[in-house]
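Everything on this sheet refers to the single structure shown next.
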Amino acid sequence: MAIGLIIIGDEILSGRRTDQHFTKVVQLLAERGLQLDWAEVLGDDPARITATLRRTFASGDIVFSCGGIGATPDDHTRQAAADALGLPLVLHEQGKRNIQQRILQMGEESGQPADLNSAENLHRLKMAEFAQGAELIPNPYNNVAGFALRQHYFVPGFPVMAWPMIAWVLDHHYAHLFHRAPHSEQSVLVYGTAESALTPLMEALEAKFAGVKVFSLPSVGDANTRRHIELGVKGAPAPTAAAFTELCAELTRLQVEYQHLS
């Protein structure tokens, strides 16, 4: 079962906003012994969002989707999720009550009693229109819930809301997956050697140590670091440790200059 992330918003693709979700979701998963398998960034295009969700619903993956669940004309995610599954969009009663409670609270805070039947407040209820059968994801910031459908979890684009909501989903639905596959990663910095010259070693290590992945991250260097390649192994702790020992031994045998990372 893979874990995916969808980030929605024209503002990300245009550069008007810098995405913060990717790094944070990776962190939230890593804290629980999980990892992100894929990520996609989509603009506010209803057809593309629907097509993407149709594909990811069919995949069986656990998917987090950030953005596009508000009530403005450029918020298409709620309708797209319903369309992707061929379900009607319906008003969720508890979601409606949550929004109304928030409206009343805002009125009390401003000293001006709220009219739940005003056009503006009735429009806000669109944020509780989800595909039939959706479940709520609590929003600790303002109580305007996100929603869940078939292992897909839809949260707002605002980090202050999205991140605790994603953490809640993980802790309440997937705690049984936490730290089930212990993971280890070790690497060195290799100097003065072309990546192509290291490829036979990388292939030999992956062939010998089942389940261990070898990675190579070249860098042109900067004012403080010479041109180098970060060469390493990752996977289950025991075979990764054995693979790393052999990697270092082989680099030494080949008289390749390298430096252990702390």
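The values are calculated or read from the model by the stated rules, or taken from the named source; none is laboratory data. Source: prediction; values computed, not measured. For neighbour counting, all protein chains shown are included, and Cβ atoms are generated from backbone atoms with ideal geometry for every residue, glycine included. Surface areas here come from the heavy atoms of the whole protein model, side chains and all, with no ligands, DNA or RNA. Shrake-Rupley method; radii C 1.70, N 1.55, O 1.52, S 1.80 Å.
Quick one: would you say Arg150 is on the phi > 0 side of the Ramachandran plot, open to solvent by 40 Å² or more (accessible area, probe 1.4 Å) and basic (Lys, Arg)? Yes, satisfied. Only one of the numbered conditions (1) touching a residue at least 24 places away in the same chain (Cβ under 8 Å); (2) more than 30 Å from Pro138 (Cα to Cα); (3) of a type in the set (A, V, I, L, M, F, W, C) is violated by Trp168, and that is (2). Counting just the residues of the stretch 1-22 that are without any contact (Cβ under 8 Å) to a residue 24 or more places away in the chain and on the phi < 0 side of the Ramachandran plot, which one comes out surrounded by the fewest Cβ atoms within 10 Å (Cβ to Cβ)? Result: Thr18. Inclusion of Phe178 among residues that are open to solvent by 30 Å² or more (accessible area, probe 1.4 Å), aromatic (Phe, Trp, Tyr) and under 30 Å from Ala238 (Cβ atoms) is warranted.
Entry remark, the stretch 23-39: residues being touching a residue at least 12 places away in the same chain (Cβ under 8 Å) and within 19 Å of Met165 (Cβ to Cβ) number 8 in total.
Screening Val188 with (1) in the same structural domain as Glu31 (by the TED database); (2) out of contact with any Ser or Thr (no Cβ under 7 Å at 6 or more places or on another chain) gives one miss only, at (1).
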